[in-house]
1. Set Lys and Arg Cβ to +1 and Asp and Glu Cβ to -1, take the dipole of the chain about its Cα centre, and tell me which of 38, 11, 49 lies farthest positive.
2. What distance in nm lies between label points placed 7 Å from Cα along the C-beta direction at residue 314 and residue 149?
3. If neighbour count is taken as other Cβ atoms inside 10 Å, put 342, 29 in order from fewest to most.
4. Roughly how compact is region 133-371, stated as its Cα Rg over 2.2 N^0.38 Å to two decimals?
5. Please report, in debye to the nearest 20, how large the charge dipole of the chain is about its Cα centre when each Lys and Arg carries +1 at its beta carbon and each Asp and Glu carries -1 there.
6. Evaluate the distance, in nm, between pseudo-label points positioned 7 Å from the Cα of residue 351 and of residue 33 along their respective Cα→Cβ axes.
7. Could you work out the equivalent-ellipsoid semi-axes for region 383-481, taking the square root of 5 times each eigenvalue of the Cα gyration tensor, largest first, in whole Å?
8. Would you mind classifying region 437-480 by shape? Square roots of the alpha carbon gyration tensor eigenvalues, ordered a ≥ b ≥ c; an a/c under 1.5 is rounded, otherwise it is prolate if a/b is larger than b/c and oblate if not.
Amino acid sequence: MELDWLLAPPLPEAMPRQRVLYLRLREAILSGRLSPGTLLPATRRLAASLDIARNTVLFAYEQLTAEGCLQADRQGTRVASLALRPAPASSDPRPPAAALRLSARAMAAWAPEPAGEVAALPFAPGTPDYGAFPFRAWRACLEGAWRDAGWRQLGYAEHGGDPALRAALAGHLTTVRGLAVEPAQVVITSGTQAALDLCARLLADHGDTAWVENPGYLAARVAFALAGLQVHDVPVDGEGVAPSERDWCDHPPRLIMVTPSHQYPTGRVLPLARRLALLERARQAGAWIVEDDYDSEFRRAGPAPPALFGLQPDAPVVYVGTFSKTLYPGLRLGYLVLPHAIAGDFARATVQAMRPGQGIEQRALADFIRRGYYTAHLRRMRARYAARQLALRSALKAAFGPAVELSGGEAGLHLVMWLPERISDTEVVKQAAEQGLGVRALSSYTRAPMRCNGLVLGYGNLAEGTLADAVRQLARAVRSLSAGKNGAVRGRP
Ligand SMILES: Cc1ncc(COP(=O)(O)O)c(C=O)c1O
């Protein structure tokens, strides 16, 4: 048998001969080029014909025999009978695309969302001011955490999270958010997304219905759909989430995801009466309310309205928070606050469902909160973001006319600028993207039959020096679509 090709050039650089021989033989067997049952030359003969040491051949044969590609019998070494695919008809070695795909659930849940680089563009929502991050204080806490680290911090994180962080957070939420929280009620997660995923998997069963706000946070839909829940869109009106009688009767929920303190993305604040009504109906329906308090830290208009979680001690509410915006999204740390009745079981189940980690970062964060750095940072950023929003408002009014319709400024890091029907928000976003802006279309957060037309303008990372230019570019994008009009923009549906 002619086997010269086994070591024919070109040979990969710096790879030992025995490895090349092994790889080429294996490839020939798995591709069917050497058919099952083929008797290979004896090691001595093959070594002589390839002009290499016998040990080199021995290594390759032994390795392939151990892997099951070759079999030794009385006559010698043969290619084993393996269940091989027939060679592809075309010369393209890639499998047909349809064969390699995500689950139907994942494909249906997919919502294209800009990430990475796009997040740093002017107007990209949900992005904090990276330039104002307290690098030095954070580094000191991280170094301290590493200095004091023992082997325990190298393993999975403790169930529920690092005890020091749970305690620091409970204290912070009690003093700053007015929630009476004990450390045992806190479960540390890898951000909101992991928290929502855990709620979907641990509080609902496959096929249960999860309500999401419409317009609402797209990633919540994705988390629930991927967990096998039926996602049902509930309309948002001028005061926040507004389920109808039909929603309650025709789509009884198991999970109700809400952002009552500052609806995302419209910025509506759910009045107390509606909060209490929602709690009551959720109890009757046997549903869990998942309260994402995402935007509460950066309030401008007085203290945040009381969280649903704190309204009634035994309410079926889990409270979700994150450090993505108050510190940085890549930290991937967030938390859930749970009613006493389920806190212990939930924390234990988290270990099975997630294998939590980031023990060092958790310790550093606990220290960061304990030393007062976190509160000081929040205070500083609140003032900075408030000034930035003011500057953005006046630049928008100057560019689009005083009647421009803005909402959502009571808290958070973005404003919504409503557009009249004649100017499509998705078209504006396309034009703006060409100018390097990360603005998002309000309609992209909205599901039919609801209709919203506007721009979600993040200003967290919009430094004062770039704000005027960014607004000018945005105005250019809008005007190019409202040619012939005077440029004044007004209109909420
Ligand atoms: C409503 C809402 N909640 C939470 C988050 C943060 O998610 P995470 O903690 O997974 O980064 C975002 C980010 O944009 C958001 O818009």
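Here, each number is a calculation from the coordinates, and none is a lab measurement. None of these values were measured; they are calculated from a predicted model. When we count neighbours, we look across all protein chains shown, and the Cβ atoms used for this are built from the backbone with ideal geometry, even at glycine.
1. 11
2. According to this spin-label approximation, the distance is 4.5 nm.
3. Placing the least packed residue first, the sequence is 342, 29.
4. 1.00
5. So the dipole magnitude of the chain works out to roughly 780 debye.
6. About 5.1 nm, to one decimal.
7. Numbers: eigenvalues 83, 48, 31 Å².
Result for region 383-481: semi-axes of 20, 16, 13 Å.
8. Oblate, since a/c reaches 1.5 and b/c is not below a/b.
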